[in-house]
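**Q** Before we start, here is the structure in question, set down as structure tokens.
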Amino acid sequence: MDRGEAVAQGRGSLLTQAGSASGETAELCGPLTPEAVRELALRGPLYWLRVRQQPLFDAALADALLGIAVLENAQFLCSVTRAALQRLLQIAGLRCLYVNEIAPRGSPANFENASLLERFGGDRLVHQADLLAITRSPALREFYAIDSRMTAQTLDAFLAMPTLEMLSLEDCGIDDALAARFERCPQLQRLFLANNPLGREGLTHIARLKQLRELDLWATPLHVDDFEQLQQLPHLEYLSVGHTGSAKTAALGLTAEALLPRLSALTALRRLELDGINVDEKQRAAFAARFESVQILNR
């Protein structure tokens, strides 16, 4: 599976949040020509488009796609140039867009005119100019990034967006200092922070987000005792915890025996994801009796 495809289908996923499929879907496999893309565009409106196995999606290919009547959701499992992204944002009806990477050629795309874009995600978003451009989206509710470079300036710009409700920042260097800034976004309801160097101090700041409903803390260095702070979140319905393998989870005290009473104390918690944690049949039954949904993974 392509790395971008794994990202798109994983926790805090842009694509799984796009809604139930309705309407025509299509997939384009590279290497692509403008003619092949134009032929697809002329077939009529699309609910979903996936582009993969394409080394680079450039402006010429994007120009060919501009002829499509309507495209609601698009996933580009490839690098996309800034000029191509500028054109993609002009497509009628576009609400959800994922790109593997933005190639830094030319000026950043103009997100100001993407009036319908509600969800945007990308992998390896390392250029601050691109990240700041994304924050100018007038209707963006959800932003997803993995293996990207998040600074205090760019994070502040996202948190200042009045429409933002969800952030997924996996492996983006979110430490305790950056976590202190989340309080600047009182409407934030879903926060996914997998694989970040987030510690107890950072969790203290997150625990002040009383409106938070979903939280992903997988693969962070948090100890089991730190999770008691989550009792300050009265509306927390979903939580993901664990690490890459049982050795790391055990070192952090993240055992089923230790987690069950702590997580059971979170009165609103209904959905739970345990990753890399050994759970025997008796413990599995106890978790199932307490929570509406429990996923036990071993990634």
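**Q** How many of the residues in region 250-295 are polar (S, T, N, Q) and in a helix (DSSP H, G or I)?
**A** So the answer is 2.
**Q** Is at least one residue of region 183-202 among the hydrophobic types (A, V, I, L, M, F, W, C) and more than 17 Å from GLU214 (Cα to Cα)?
**A** No, because not a single residue in region 183-202 is among the hydrophobic types (A, V, I, L, M, F, W, C) and more than 17 Å from GLU214 (Cα to Cα).
**Q** Checking the conditions here, which among LEU209, LEU203, LEU260 is at negative phi and touching a strand residue (DSSP E or B) at 6+ places or on another chain (Cβ under 9 Å)?
**A** LEU209
**Q** For region 258-292, which residues satisfy the criterion of being within 28 Å of ASP171 (Cα to Cα) and of a type in the set (D, E, K, R)?
**A** Matches in region 258-292: ARG262, ARG270, ARG271, GLU273, ASP275.
**Q** Just to verify a result, which residue in region 281-299, among those that are modelled with pLDDT of 95 or more and under 14 Å from LEU254 (Cα atoms), is nearest to the chain's Cα centre (by Cα)?
**A** Here the answer is ILE296.
**Q** Please verify whether LEU230 is in contact with an Asp or Glu (Cβ under 6 Å, 6 or more places away or on another chain), closer than 28 Å to TYR144 by Cβ, part of a helix (DSSP H, G or I) and not hydroxyl-bearing (Ser, Thr, Tyr), treating the condition exactly as stated.
**A** Criteria not met by LEU230.
**Q** Under 7 Å by Cβ, and 6 or more places apart or on different chains, what pairs join a residue from region 115-127 that is among the aromatic types (Phe, Trp, Tyr) with one that is at pLDDT 95 or above and assigned to a strand (DSSP E or B)?
**A** Pairs found: PHE120/LEU97; PHE120/PHE143.
**Q** A further question follows. Just one of LEU239, LEU260 is in contact (Cβ under 8 Å) with a residue 24 or more places away in the chain and out of contact with any Leu (no Cβ under 9 Å at 6 or more places or on another chain); which is it?
**A** Within the list LEU239, LEU260, the selection yields LEU260.
The values are calculated or read from the model by the stated rules, or taken from the named source; none is laboratory data. Predicted model only: the values in this text are computed from it and were never measured. Every residue, glycine among them, receives a Cβ derived from its backbone with ideal geometry; neighbour counts consider all protein chains shown.
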